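Okay, structure first, notes after.
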Amino acid sequence: MKGWLDPFRCDNEDDDILPLCRLSYEQRRSPFMTKLRERSPESTFSDVHHFIGRISSHMRAVKGLVAAAQKFPGLFEDFQIKCHPSQRPQKKPDLVDGLTALDNIVIRMLPKNDERVGGIQAALKSLDARFGIFRSLITRFEQFSPRVHAELILLEHFYQENIEFVQGDKYIGCSKPACYCCYHYIYAHPGRFVHPASSNKNYVNWWPPGMDGDPDGLAAKRRRNIMNKMIEKIRQDVLDQIETKRGPRAANHASTTGISESVVVNEPILDNFVPGEVVSESLGLDLFIIILMLSCLSHKRWMADRRVPHLRTTG
């Protein structure tokens, strides 16, 4: 392994990076890369595998660009590159009774008179006594600064403006795999966009895109339906973790290694708009609470306790 890794060493910042990119690209499917990937995901071996993949991705990107130019020459004639503005910072939800006690959070997460309430409350209290779940939740709430991720801003722009995709390939390109929440937003969207690869990382500051210029309220209703779908899925993930005390979804590096392929799924997930009220403060708070809970339940310090299975998170 050491002999194989030595050529990747760069001792001088002024060294020509091109040979390293070529070497990484040539070795991206080496048996040694497989050995690195099979080592513990929390070790330096995993980082080395990831960084070699990232370096090789530069060669892959260039080759992909040349191949695209050969296959779709029209895309490289009279094209324009435009910047789409980010959305203004979102308002943080108000701290209400639903976020002032773990018992209240469980009641807010479950249907009224749900028979699981008592068991979930007891399990959460046990976890809180060992890991300070509630204290972590309040701390993260105080640090919460809502941000809308770039791929969702572009997705809604293309959808609302009815912009056509080349050959109907409704894929939103991004330099990183979608985070956990972005993936489920795209999955629940009625636009039938290609489902991206996902890092499965849960970002506490995640927030859904706003719907500006919506005089008839249809966009807000669509957003409400998407959020309801997300709440249903994420809520179940939170409850599963509380009940089973197991780790969350396996997390990957936030940026791609340049080796894995994207996941492409095209089946419809959501039906047409359902009449009803627009997105309310209550709905936004519900989504915020379960995302926050999922983050707290995935805290890295759990790994120090052998009684709790391996967990990973993004702070």
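The values are calculated or read from the model by the stated rules, or taken from the named source; none is laboratory data. Computed from a predicted structure; not experimentally measured. Here Cβ is always computed from backbone atoms with ideal geometry, including for glycine, and neighbour counts include all displayed protein chains. Please note that ligands, DNA and RNA were not included when accessible areas were found on the heavy atoms of the full protein model with its side chains. Shrake-Rupley method; radii C 1.70, N 1.55, O 1.52, S 1.80 Å.
Return the pair list, or none, for Cβ contacts closer than 9 Å from residues in segment 114-126 that are outside any helix (DSSP H, G or I) to residues that are surrounded by 13 or more Cβ atoms within 10 Å (Cβ to Cβ), at least 6 apart or on different chains. Qualifying pairs under 9 Å: Asp114/Ile107; Asp114/Ile120; Arg116/Val106; Arg116/Leu110; Arg116/Leu239; Arg116/Glu243. Closer than 18 Å to Asp286 by Cβ and among the basic types (Lys, Arg): is that true of Arg192 in this structure? Here the answer is no, as Arg192 does not meet what is asked.
If a residue must be open to solvent by 30 Å² or more (accessible area, probe 1.4 Å) and either part of a loop (DSSP other than H, G, I, E, B) or in contact with a strand residue (DSSP E or B) (Cβ under 7 Å, 6 or more places away or on another chain) (or both), how many such residues does segment 151-173 contain?
9
Pairing each residue of segment 218-235 that is under 21 Å from Leu110 (Cβ atoms) with any residue that is buried (at least 19 other Cβ atoms within 10 Å of the Cβ) and among the polar types (S, T, N, Q), provided the two are 6+ apart or on different chains, yields C-beta distances under 9 Å for Ile234/Asn202. Taken as a whole, the condition of being assigned to a helix (DSSP H, G or I) and charged (D, E, K, R) does not apply to Asp78. Of all the residues in segment 202-222, those that are modelled with pLDDT of 85 or more and over 14 Å from Leu287 (Cβ atoms) number 2.
Within segment 184-203, can you find the residues that are over 21 Å from His84 (Cα atoms), part of a helix (DSSP H, G or I) and of a type outside the set (A, V, I, L, M, F, W, C)? Result: His184, Tyr187. Taken together, the criteria place Leu137 among residues that are at pLDDT 80 or above and open to solvent by less than 70 Å² (accessible area, probe 1.4 Å). Can you find even one residue in segment 39-50 that is open to solvent by 70 Å² or more (accessible area, probe 1.4 Å), of a type outside the set (A, V, I, L, M), in a loop (DSSP other than H, G, I, E, B) and at pLDDT 80 or above? No, every residue in segment 39-50 fails to be open to solvent by 70 Å² or more (accessible area, probe 1.4 Å), of a type outside the set (A, V, I, L, M), in a loop (DSSP other than H, G, I, E, B) and at pLDDT 80 or above.
Would you point out the residue of segment 174-183, among those that are modelled with pLDDT of 85 or more and in a loop (DSSP other than H, G, I, E, B), that is surrounded by the most Cβ atoms within 10 Å (Cβ to Cβ)? Of everything passing the filter in segment 174-183, Pro177 is surrounded by the most Cβ atoms within 10 Å (Cβ to Cβ). Only one of the listed residues (Val117, Val148, Val166) is under 30 Å from Pro196 (Cα atoms) and over 25 Å from the mean Cα position of the chain (by Cα). That residue is Val166.
I'd like to verify a number: residues in segment 224-239 that are open to solvent by less than 30 Å² (accessible area, probe 1.4 Å) and under 18 Å from the mean Cα position of the chain (by Cα), how many?
7
Here is a check on your reading of the model: is Arg130 among the basic types (Lys, Arg) and surrounded by 14 or more Cβ atoms within 10 Å (Cβ to Cβ)? No, not satisfied.
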